[in-house]
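Written below as structure tokens is the structure these notes are about.
What follows is calculated from the coordinates using simple rules that are stated; it is not laboratory data. The structure displayed is predicted, hence computed values, not measured ones. Virtual Cβ from ideal backbone geometry, glycine too; neighbours counted across all protein chains shown.
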Amino acid sequence: MFGFSIDASASDRLGRFVNDAPLRFANCIPRAMYAAGKPRLLLFAKKHISSGTELRFDYGVAGLPWRKVNTCIL
């Protein structure tokens with residue numbers, strides 16, 4: 001297991017456009033590895049992903065605020 005965090009939001013890399021989703025709704029699986037001595041995050045498709053489809057993988061962090069279910073009682 002790697003002892004680092006890859007945060008694409010603080011860079012100009014394309015990974016910043018990949019969104020979070022629970023594993024059951026994700027269409028990509030992430031794998032961390034080193035390439036040329038630097039940590040990299042590779043994304044592998046779980047199935048065919050059509051052009052224009054949002055890329056999503058499970059960030060692996062518990063309690064993310066955007067995953068909370070909001071209920072509205074009128």
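Miscellaneous remarks
- Taking a Cβ cut-off of under 14 Å around R31, the surrounding Lys, Arg, Asp and Glu residues balance to a net charge of +1, with basic ones at +1 and acidic ones at -1.
- Taken over the alpha carbons of segment 8-67 as equal point scatterers, the Debye sum produces base-10 log I(q)/I(0) values at 0.19, 0.26 Å⁻¹ of -0.79, -1.24.
- ³J(HN,Hα), Karplus 6.51/-1.76/1.60, whole Hz, each residue of segment 24-35, x for Gly, Pro: 5, 9, 6, 10, 10, 10, x, 9, 8, 7, 9, 9
- A straight chain from R13 to T53 at 0.36 nm per residue would run longer than the Cα-Cα distance by 12.5 nm.
- Computed lengthening from F25 to L42, 0.36 nm per intervening residue step minus Cα-Cα distance: 4.3 nm
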